[in-house]
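Notes follow once the structure below has been shown.
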Amino acid sequence: MTKLNKKFAVLGHPISHSLSPKIHQYFASQFAIDLDYQRIDVESMHFKKTLSDLKQKGYEGLNITLPLKNLAYEICDELSSRAEQTKSVNTISIKNDKLYGDTTDGLGLVTDLLTKNVSLENKKILVIGAGGASNGVMFDLISQQPQTIFLTNRTISKSHDMAEIGLY
């Protein structure tokens, strides 16, 4: 039996619906990378302990999904400027026994749009929803210098709260 070289996981609650393991295994096989990518269901109250256990087991990186993104932000030892700005982490790299947090939701969205030749500069953008996903993309949307970003939510007070935080 071959020892696996790379250990990764996606953490969230619930997580059974996640296609991340299949997607990552597919890409790893294309590049002949020996990869173990797990789906781990973890509730908020057990998140910190689970991260500690995964570090001890030699995991190199983790993807974080709901409802753990803000908690991951609070727990990481070091943060990217994106994560600091959004107060959200969806990607954790483990190096030298430290947790390095980043958020890639906005970067992924913007990169995908630009790849499809959709420029955001001087455009009007409508963001529907004022939850974690919206917060996670706002930094990168603003970096594209749109004319205006409109934010709406079914609970309008959440939109106002997000706008008033002044993070952006």
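With respect to E84, is the statement that it is surrounded by 15 or more Cβ atoms within 10 Å (Cβ to Cβ) and of a type in the set (D, E) true?
yes
Would it be correct to say that Q25 is in a helix (DSSP H, G or I) and either surrounded by fewer than 15 Cβ atoms within 10 Å (Cβ to Cβ) or outside the structural domain of I149 (by TED's automatic domain parsing) (or both)?
Spelling it out, Q25 is indeed in a helix (DSSP H, G or I) and either surrounded by fewer than 15 Cβ atoms within 10 Å (Cβ to Cβ) or outside the structural domain of I149 (by TED's automatic domain parsing) (or both).
If T148 passes every condition in (1) in contact with a Lys or Arg (Cβ under 8 Å, 6 or more places away or on another chain); (2) under 29 Å from C76 (Cα atoms); (3) β-branched (V, I, T) but one, which one does it miss?
(2)
So, in segment 28-55, how many residues would count as being modelled with pLDDT of 95 or more and assigned to a helix (DSSP H, G or I)?
Summing the residues that are modelled with pLDDT of 95 or more and assigned to a helix (DSSP H, G or I) in segment 28-55 gives 12.
Kindly provide the set of residues from segment 96-118 that are surrounded by fewer than 12 Cβ atoms within 10 Å (Cβ to Cβ) and in contact (Cβ under 8 Å) with a residue 24 or more places away in the chain, ordered by number.
Listed by number, the list holds a single entry, D97.
Please find, within segment 44-80, the residue that is surrounded by the fewest Cβ atoms within 10 Å (Cβ to Cβ) out of those that are of a type in the set (D, E, K, R) and closer than 19 Å to A133 by Cα.
Ranking the qualifying residues of segment 44-80, first place goes to E74.
Residues in segment 48-66: is at least one in contact (Cβ under 8 Å) with a residue 60 or more places away in the chain and either basic (K, R) or within 26 Å of M138 (Cβ to Cβ) (or both)?
yes
The values are calculated or read from the model by the stated rules, or taken from the named source; none is laboratory data. Keep in mind that what you see is a predicted model, and the values were worked out from it rather than measured. Don't worry about glycine lacking a Cβ; one is built from the backbone with ideal geometry, like all the others, and counts go over all protein chains shown.
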